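J.: I'd like to ask some things about the structure below.
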Amino acid sequence: MAASFGRLFVAGIKGGFGSKPPVLKLPVLVRPLTTQSDPFDAVARYKDQPWEYLISEEYLQRYGNKPVWADYRRNHKGPIPPQKTRKMCIRGGKVCGNPCPICRDQKLSVIYRNVKLLQQFLCPHTGIVLDPTKTGVCMKQQKVLIKVITEAQDHGLLPVKMPHVDLFHEDFINTHGAVSHTPAAPSGLWYSWYEWQEPPAKEVTLLKKLYRPYLKEITGGE
(Lines give C-alpha, C1' and ligand atoms only; values in the text may rest on other atoms or scores of the structure.)
Protein backbone atom coordinates (compact mmCIF):
# COMPACT_ATOMS: atom_id res chain seq x y z
CA MET A 1 0.00 0.00 0.00
CA ALA A 2 2.74 2.44 0.93
CA ALA A 3 4.78 1.45 -2.15
CA SER A 4 1.88 2.09 -4.55
CA PHE A 5 1.20 5.46 -2.91
CA GLY A 6 4.84 6.43 -3.35
CA ARG A 7 4.81 5.55 -7.05
CA LEU A 8 1.70 7.68 -7.60
CA PHE A 9 3.30 10.61 -5.76
CA VAL A 10 6.49 10.42 -7.87
CA ALA A 11 4.49 10.15 -11.11
CA GLY A 12 2.47 13.20 -10.16
CA ILE A 13 5.63 15.23 -9.52
CA LYS A 14 7.13 14.17 -12.88
CA GLY A 15 3.91 15.03 -14.68
CA GLY A 16 3.85 18.44 -13.05
CA PHE A 17 7.41 19.28 -14.09
CA GLY A 18 7.17 17.71 -17.54
CA SER A 19 3.88 19.24 -18.68
CA LYS A 20 3.85 22.57 -20.58
CA PRO A 21 2.36 25.61 -18.86
CA PRO A 22 -1.00 26.74 -20.21
CA VAL A 23 -0.88 29.39 -22.91
CA LEU A 24 -3.25 32.31 -22.59
CA LYS A 25 -4.73 33.27 -25.95
CA LEU A 26 -5.27 37.00 -26.22
CA PRO A 27 -7.49 38.54 -28.87
CA VAL A 28 -5.48 39.85 -31.84
CA LEU A 29 -6.53 43.20 -33.23
CA VAL A 30 -6.26 43.07 -37.01
CA ARG A 31 -6.55 46.34 -38.90
CA PRO A 32 -8.52 45.82 -42.12
CA LEU A 33 -6.86 46.77 -45.37
CA THR A 34 -8.83 49.55 -47.00
CA THR A 35 -8.26 51.53 -50.16
CA GLN A 36 -9.52 54.76 -48.66
CA SER A 37 -6.78 57.29 -48.05
CA ASP A 38 -6.02 58.46 -44.56
CA PRO A 39 -6.78 62.17 -43.95
CA PHE A 40 -3.09 62.65 -43.08
CA ASP A 41 -1.81 60.60 -46.00
CA ALA A 42 1.05 62.18 -47.94
CA VAL A 43 -0.44 61.14 -51.27
CA ALA A 44 -3.55 63.22 -50.62
CA ARG A 45 -1.42 66.09 -49.33
CA TYR A 46 0.61 66.28 -52.55
CA LYS A 47 -2.36 65.61 -54.82
CA ASP A 48 -3.18 69.26 -55.54
CA GLN A 49 0.43 70.49 -55.53
CA PRO A 50 2.67 67.52 -56.44
CA TRP A 51 5.72 69.75 -56.99
CA GLU A 52 5.97 70.29 -53.22
CA TYR A 53 6.86 66.62 -52.81
CA LEU A 54 10.11 67.23 -54.71
CA ILE A 55 11.29 69.68 -52.04
CA SER A 56 10.11 67.69 -49.02
CA GLU A 57 12.38 65.89 -46.56
CA GLU A 58 10.89 62.53 -47.53
CA TYR A 59 11.94 63.01 -51.15
CA LEU A 60 15.46 64.18 -50.20
CA GLN A 61 15.98 61.18 -47.95
CA ARG A 62 14.83 58.78 -50.64
CA TYR A 63 16.38 60.25 -53.79
CA GLY A 64 18.71 63.01 -52.64
CA ASN A 65 19.80 65.37 -55.41
CA LYS A 66 19.68 62.64 -58.05
CA PRO A 67 16.85 62.02 -60.51
CA VAL A 68 14.19 59.52 -59.54
CA TRP A 69 15.53 57.04 -62.10
CA ALA A 70 19.23 57.34 -61.18
CA ASP A 71 19.53 54.31 -58.87
CA TYR A 72 16.84 52.21 -60.54
CA ARG A 73 17.85 48.72 -61.68
CA ARG A 74 15.35 46.30 -63.15
CA ASN A 75 15.58 42.69 -62.03
CA HIS A 76 15.94 40.27 -64.94
CA LYS A 77 16.95 36.72 -65.61
CA GLY A 78 20.45 36.08 -66.86
CA PRO A 79 23.42 38.44 -67.22
CA ILE A 80 22.07 40.31 -70.26
CA PRO A 81 19.58 43.09 -69.41
CA PRO A 82 16.41 43.44 -71.54
CA GLN A 83 16.68 45.67 -74.58
CA LYS A 84 13.33 47.39 -73.94
CA THR A 85 11.16 48.14 -70.95
CA ARG A 86 7.85 46.46 -70.14
CA LYS A 87 4.57 47.71 -71.56
CA MET A 88 3.04 48.63 -68.18
CA CYS A 89 3.67 47.98 -64.50
CA ILE A 90 0.06 47.93 -63.24
CA ARG A 91 -2.37 45.43 -64.75
CA GLY A 92 -5.89 45.10 -63.40
CA GLY A 93 -5.01 47.01 -60.22
CA LYS A 94 -2.06 44.68 -59.44
CA VAL A 95 1.47 46.06 -59.39
CA CYS A 96 4.14 43.83 -60.89
CA GLY A 97 7.42 43.09 -59.19
CA ASN A 98 10.05 45.82 -59.38
CA PRO A 99 7.90 48.53 -61.04
CA CYS A 100 9.39 51.44 -62.97
CA PRO A 101 10.56 54.66 -61.21
CA ILE A 102 7.21 56.41 -61.74
CA CYS A 103 4.88 53.50 -60.97
CA ARG A 104 6.72 52.60 -57.75
CA ASP A 105 6.18 56.03 -56.17
CA GLN A 106 2.55 57.16 -56.16
CA LYS A 107 3.51 60.65 -55.01
CA LEU A 108 5.18 61.39 -58.37
CA SER A 109 2.33 62.99 -60.28
CA VAL A 110 3.09 63.37 -64.00
CA ILE A 111 1.28 66.57 -64.99
CA TYR A 112 2.41 69.50 -67.11
CA ARG A 113 2.71 71.81 -64.08
CA ASN A 114 5.17 69.52 -62.29
CA VAL A 115 8.13 71.05 -64.11
CA LYS A 116 10.88 69.86 -61.74
CA LEU A 117 9.91 66.24 -62.32
CA LEU A 118 9.64 66.64 -66.08
CA GLN A 119 13.10 68.23 -66.29
CA GLN A 120 14.61 65.00 -64.93
CA PHE A 121 13.49 63.16 -68.08
CA LEU A 122 14.89 65.73 -70.54
CA CYS A 123 18.41 65.81 -71.92
CA PRO A 124 20.02 69.07 -70.69
CA HIS A 125 21.98 69.47 -73.94
CA THR A 126 19.42 68.67 -76.63
CA GLY A 127 16.08 69.00 -74.79
CA ILE A 128 14.97 65.60 -76.11
CA VAL A 129 13.06 63.15 -73.90
CA LEU A 130 15.44 60.50 -72.56
CA ASP A 131 15.07 56.99 -73.89
CA PRO A 132 13.16 54.56 -71.62
CA THR A 133 16.09 52.12 -71.72
CA LYS A 134 18.10 54.76 -69.82
CA THR A 135 15.44 55.83 -67.31
CA GLY A 136 13.76 52.41 -66.91
CA VAL A 137 10.27 53.88 -67.33
CA CYS A 138 7.62 51.54 -68.74
CA MET A 139 6.20 52.29 -72.18
CA LYS A 140 2.85 53.45 -70.80
CA GLN A 141 4.48 56.09 -68.59
CA GLN A 142 6.88 57.02 -71.41
CA LYS A 143 3.93 57.94 -73.64
CA VAL A 144 2.44 59.98 -70.82
CA LEU A 145 5.77 61.77 -70.31
CA ILE A 146 6.07 62.72 -73.99
CA LYS A 147 2.50 64.03 -74.03
CA VAL A 148 2.86 66.01 -70.79
CA ILE A 149 6.25 67.49 -71.76
CA THR A 150 4.80 68.69 -75.08
CA GLU A 151 1.89 70.23 -73.18
CA ALA A 152 4.26 71.99 -70.78
CA GLN A 153 6.22 73.40 -73.73
CA ASP A 154 2.99 74.66 -75.29
CA HIS A 155 2.16 76.46 -72.03
CA GLY A 156 5.64 78.01 -71.90
CA LEU A 157 6.73 76.16 -68.74
CA LEU A 158 9.56 74.29 -70.50
CA PRO A 159 11.92 75.75 -73.11
CA VAL A 160 11.93 74.48 -76.67
CA LYS A 161 15.43 74.12 -78.09
CA MET A 162 15.72 74.67 -81.82
CA PRO A 163 18.64 73.18 -83.78
CA HIS A 164 21.39 75.62 -84.72
CA VAL A 165 21.73 76.29 -88.44
CA ASP A 166 24.73 78.15 -89.86
CA LEU A 167 23.65 80.74 -92.43
CA PHE A 168 26.20 81.75 -95.03
CA HIS A 169 26.30 85.20 -96.58
CA GLU A 170 26.58 83.75 -100.06
CA ASP A 171 23.03 82.41 -99.84
CA PHE A 172 21.52 85.91 -99.61
CA ILE A 173 23.48 87.93 -102.21
CA ASN A 174 22.22 88.56 -105.75
CA THR A 175 25.61 88.62 -107.44
CA HIS A 176 25.49 84.93 -108.18
CA GLY A 177 25.27 83.92 -111.81
CA ALA A 178 21.94 82.15 -111.32
CA VAL A 179 20.36 85.23 -109.69
CA SER A 180 19.14 88.09 -111.89
CA HIS A 181 16.89 91.11 -111.53
CA THR A 182 13.17 90.65 -111.92
CA PRO A 183 11.99 92.10 -115.23
CA ALA A 184 9.42 94.86 -115.24
CA ALA A 185 5.79 94.03 -115.85
CA PRO A 186 4.56 94.45 -119.46
CA SER A 187 2.47 97.51 -120.26
CA GLY A 188 -0.33 95.64 -121.99
CA LEU A 189 -1.85 92.25 -121.40
CA TRP A 190 0.21 89.67 -119.64
CA TYR A 191 -0.57 87.13 -122.36
CA SER A 192 -0.94 88.20 -125.97
CA TRP A 193 -3.17 85.28 -126.82
CA TYR A 194 -5.69 86.06 -124.09
CA GLU A 195 -8.85 87.98 -125.03
CA TRP A 196 -11.98 88.51 -122.98
CA GLN A 197 -14.97 86.56 -124.27
CA GLU A 198 -18.50 86.89 -122.98
CA PRO A 199 -19.77 83.52 -121.71
CA PRO A 200 -22.96 82.16 -123.25
CA ALA A 201 -26.09 83.36 -121.46
CA LYS A 202 -27.63 79.89 -121.53
CA GLU A 203 -24.71 78.34 -119.70
CA VAL A 204 -24.64 81.18 -117.14
CA THR A 205 -28.34 80.66 -116.41
CA LEU A 206 -27.81 76.92 -116.04
CA LEU A 207 -24.92 77.41 -113.61
CA LYS A 208 -26.85 79.94 -111.52
CA LYS A 209 -29.76 77.51 -111.28
CA LEU A 210 -27.42 74.68 -110.33
CA TYR A 211 -25.54 76.65 -107.61
CA ARG A 212 -28.46 78.78 -106.43
CA PRO A 213 -28.31 77.50 -102.79
CA TYR A 214 -24.62 78.48 -102.62
CA LEU A 215 -24.76 81.89 -104.31
CA LYS A 216 -24.82 85.04 -102.20
CA GLU A 217 -27.43 87.68 -102.83
CA ILE A 218 -25.92 90.69 -104.57
CA THR A 219 -27.19 93.97 -103.15
CA GLY A 220 -26.82 97.42 -104.57
CA GLY A 221 -24.29 98.50 -101.92
CA GLU A 222 -21.82 95.71 -102.69
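J.: How large is ³J(HN,Hα), in whole Hz, for each residue of the range 76-85 in order, when computed from phi with the Karplus curve 6.51 cos²θ - 1.76 cosθ + 1.60 and θ = phi - 60°, using x for Gly and Pro?
T.: 8, 7, x, x, 8, x, x, 7, 8, 7
J.: Just subtract the alpha-carbon distance of LYS84 and GLN119 from 0.36 nm times their residue separation and send over the number in nm, one decimal.
T.: Gain on extension, LYS84 to GLN119, equals 10.4 nm.
J.: Determine the dipole magnitude for the range 68-212: charges of +1 sit on the beta-carbon of Lys and Arg, -1 on that of Asp and Glu, nothing else is charged, the reference point is the Cα centre, and the result goes in debye to the nearest 20.
T.: 1740 debye
J.: Apply the Karplus parameterisation 6.51 cos²θ - 1.76 cosθ + 1.60, with θ equal to phi minus 60°, to every residue of the range 52-57 and state each ³J(HN,Hα) to the nearest whole Hz, in sequence, with x for glycine and proline.
T.: Values per residue, Gly and Pro as x: 6, 5, 6, 10, 7, 5 Hz.
J.: To the nearest 20 debye, what charge dipole does the range 81-156 have about its Cα centre, counting +1 at the Cβ of each Lys and Arg and -1 at the Cβ of each Asp and Glu?
T.: I would put it at about 380 debye.
J.: OK, next. What is the calculated FRET efficiency for TYR194 to GLU151, with r their C-beta to C-beta distance and R₀ = 45 Å, to the nearest 0.05?
T.: 0.25
J.: List every residue whose amide H lies under 5 Å from the amide H of LEU122, counting only residues 5 or more places away in sequence or on a different chain, with H placed 1.01 Å from N in the peptide plane.
T.: Here the answer is LEU130, since their amide H atoms fall under 5 Å of that of LEU122.
J.: Moving to a separate point now. What lysines does LYS116 reach when the alpha-carbon gap must be under 21 Å and sequence neighbours fewer than 8 apart in one chain are set aside?
T.: Within the straight-line cut-off, LYS116 pairs with LYS47, LYS66, LYS107, LYS134, LYS140, LYS143, LYS147, LYS161.
J.: First measure r as the distance between the Cβ atoms of ASN98 and MET162, then evaluate 1/(1 + (r/R0)^6) with R0 = 45 Å and state the FRET efficiency to the nearest 0.05.
T.: According to the calculation, E is roughly 0.70.
J.: Sorted by accessible area (1.4 Å probe), largest first, how do TRP196, TRP51 line up?
T.: Ranking TRP196, TRP51 by accessible area, largest first, yields TRP196, TRP51.
The values are calculated or read from the model by the stated rules, or taken from the named source; none is laboratory data. Note that the structure is a prediction, hence the values are computed from the model and not measured. Backbone-built Cβ (ideal geometry, glycine too); neighbour counts: all protein chains shown. SASA here: full protein model, heavy atoms, side chains in, ligands and nucleic acids out. Shrake-Rupley method; radii C 1.70, N 1.55, O 1.52, S 1.80 Å.
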